[in-house]
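I have placed the structure first, in the form of structure tokens, so that the comments after it can refer back to it.
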Amino acid sequence: MKKALLSILTFLMIWVPLWATHNRAGEITLTQLDDLTYEITITTFTYTLSQADRNRLEVQWGDNTFSYADRVDITKLPHFYQRNIYTTRHTYPGPGIFEIVVQDPNRNEGVKNIPSSVNVVFSIKTTILINVALGDNSTPVLLNPPIDRAAYGQIFIHNPAAYDPDGDSLSYKLTVCTELDGRPIEGYSLPPASDTLYVDPLSGDLTWITPSDSGIFNIAIDVEEYRKGVKIGNIVRDMQIEVYDTKNKPPSQSNPGDFCIQAGDRLTFDIIATDTESDSIKQWATGGPFVVESNPAAYTVMYDSADIGYSRARFSWQTDCSHVREQYYTAIFKAEDSHPETPLVDIQNVNIKVLGPAPEQPYLIPGSNSVTASWPVDTCQSVTAYQLYRKIEPAAYVPDSCTGGIPESTGYELVGATNGRLDTLMVDDN
């Protein structure tokens, strides 16, 4: 009997790591369907060489209820990654702040900055604020999968390519990876760096200067969402970074800079990627301009070579009035070399602001004690009003391409505003 029991225990000790070491990264996003109902999308990235696999995941909704989300999509990715998409819906009892948690045993064995990682539950969480006064809100989506490799002693950069469909402002920071019920992992530490490891709060770039150890590490990026100065939610991406001791150098891409463009204009530029070791290069892109509903941007590889370490791709975006918003769109451009042992990636961000088309110059009709201004109707159907400004002295103001409206520093005085898009007449009688 003792021998049989010992055999069963030995079997269990072998079986648990085999079936429980597959979770590598993940995040939770939500789409609001009505005042209190949301559709949740759980995205996990798992290790394809593990036999562990989940057809459904439990969701803790933050209102003392739970349900299950079924898997609806599987995508095979490079480096033995598999992307899993799970969805379900939930209706909340009323307004409030709700922390949504999804957890799944367990994390990979051997994660160097998580003590006994193979025994630590993998969990991800997202927080939402339901407040009718602030309007409907869907969380940002993270468009760049966390599958890039890092090299010992070389700078590593990752950007989640967060895109908010509502145009809310986003802020980024590092946070602690979590375990059972979304609690911070005891003993968790940031991966070691020869200089620093940080996330740019505005661009979302995770920059690691530089990995001072090889192996497997996990970090968590907190993407916070703000509207009218109020924090309305946040997403945490938990991601794994594999650091290799390699002599390979990543490719390098040209940096076209940032752009401001008037709705209705086309933006076109090329991204050139080169590799000092003459490896062939794969280029691709993601980000907000590629997922807008109307006239999404295009990205086309124009030239690549298998042996000279050169590739050129073109970004092209025909903008329209539906793209106008206060926040920048961010496009993420990636280039990966074909090194047979450890392919490495270079990343470039381009911020693009789309402004509404400027009104045409008004016609001015002077009167005895007034000036009447009129102008053509704007082409954008979403225009809600026009503002008229005046200045007595010479203007000497040359508008910047990224500036909308009239800055106070110019000395212009607001005369007033019209009542709609078709209202294109105003009398200034002082």
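All conditions in (1) open to solvent by 30 Å² or more (accessible area, probe 1.4 Å); (2) under 26 Å from S171 (Cα atoms); (3) modelled with pLDDT of 95 or more; (4) not small (G, A, S) hold for T139, with the sole exception of (1).
Against the definition (within 30 Å of P256 (Cα to Cα) and open to solvent by 70 Å² or more (accessible area, probe 1.4 Å)), how does T403 come out, yes or no? Before you say what the answer is, go through the steps one by one.
Working: within 30 Å of P256 (Cα to Cα): yes; open to solvent by 70 Å² or more (accessible area, probe 1.4 Å): no.
No.
Just to check your reading of the model, which residue among Y163, Y188 is in contact with a helix residue (DSSP H, G or I) (Cβ under 6 Å, 6 or more places away or on another chain) and touching a residue at least 40 places away in the same chain (Cβ under 8 Å)?
Result: Y163 is the single residue among Y163, Y188 that is in contact with a helix residue (DSSP H, G or I) (Cβ under 6 Å, 6 or more places away or on another chain) and touching a residue at least 40 places away in the same chain (Cβ under 8 Å).
Which is over 20 Å from D346 (Cα atoms), part of a strand (DSSP E or B) and not hydrophobic (A, V, I, L, M, F, W, C), of S294, S316?
Being over 20 Å from D346 (Cα atoms), part of a strand (DSSP E or B) and not hydrophobic (A, V, I, L, M, F, W, C) holds for just one of S294, S316, which is S316.
For residues that are among the hydroxyl-bearing types (S, T, Y), under 28 Å from S252 (Cα atoms) and in contact with a strand residue (DSSP E or B) (Cβ under 6 Å, 6 or more places away or on another chain), tally how many sit in the range 305-331. Give the steps one after another, and end with the answer.
Looking only at the range 305-331, we keep the residues that are among the hydroxyl-bearing types (S, T, Y), and these are 305, 310-311, 316, 319, 322, 328-330.
Keeping just the survivors that are under 28 Å from S252 (Cα atoms) gives 305, 310-311, 316, 328-330.
The next check asks that each one be in contact with a strand residue (DSSP E or B) (Cβ under 6 Å, 6 or more places away or on another chain); those that pass are 310-311, 316, 328-330.
So the count comes out to 6.
Of the residues D279, D304, D245, the single one that is buried (at least 19 other Cβ atoms within 10 Å of the Cβ) and over 23 Å from the mean Cα position of the chain (by Cα) is D279. Taking the criterion of being within 15 Å of N119 (Cα to Cα) and open to solvent by 30 Å² or more (accessible area, probe 1.4 Å), the residues of the range 171-185 that qualify are E179, L180, D181, R183, P184.
This table checks each residue for (1) of a type in the set (D, E, K, R); (2) assigned to a strand (DSSP E or B); (3) closer than 30 Å to N137 by Cβ; (4) in contact with a Cys (Cβ under 6 Å, 6 or more places away or on another chain).
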| position | (1), (2), (3), (4) |
| --- | --- |
| E186 | yes, no, no, no |
| I216 | no, yes, no, no |
| A220 | no, yes, yes, yes |
| Y226 | no, yes, yes, no |
| G233 | no, yes, yes, no |
| E242 | yes, yes, no, no |
| N248 | no, no, no, no |
| N255 | no, no, no, no |
| I261 | no, yes, yes, no |
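Determine which member of the set V383, V415 is within 30 Å of the chain's Cα centre (by Cα), surrounded by 12 or more Cβ atoms within 10 Å (Cβ to Cβ) and β-branched (V, I, T). Talk me through it step by step, then tell me what you get.
On the way: V415 fails: within 30 Å of the chain's Cα centre (by Cα).
None of the others qualify; the one that does is V383.
Restricting the range 70-93 to residues that are within 24 Å of D35 (Cα to Cα) and under 23 Å from the mean Cα position of the chain (by Cα), the residue that is least open to solvent (accessible area, probe 1.4 Å) is Y86.
Is it fair to say R149 is out of contact with any Leu (no Cβ under 9 Å at 6 or more places or on another chain) and either within 30 Å of G187 (Cα to Cα) or touching a residue at least 60 places away in the same chain (Cβ under 8 Å) (or both)? Against the criterion (out of contact with any Leu (no Cβ under 9 Å at 6 or more places or on another chain) and either within 30 Å of G187 (Cα to Cα) or touching a residue at least 60 places away in the same chain (Cβ under 8 Å) (or both)), R149 does not qualify.
The values are calculated or read from the model by the stated rules, or taken from the named source; none is laboratory data. What you see is a predicted model; the values in this text were computed from it and never measured. For neighbour counting, all protein chains shown are included, and Cβ atoms are generated from backbone atoms with ideal geometry for every residue, glycine included. Only protein heavy atoms, including side chains, enter the accessible area calculation; ligands, DNA and RNA are left aside. Shrake-Rupley method; radii C 1.70, N 1.55, O 1.52, S 1.80 Å.
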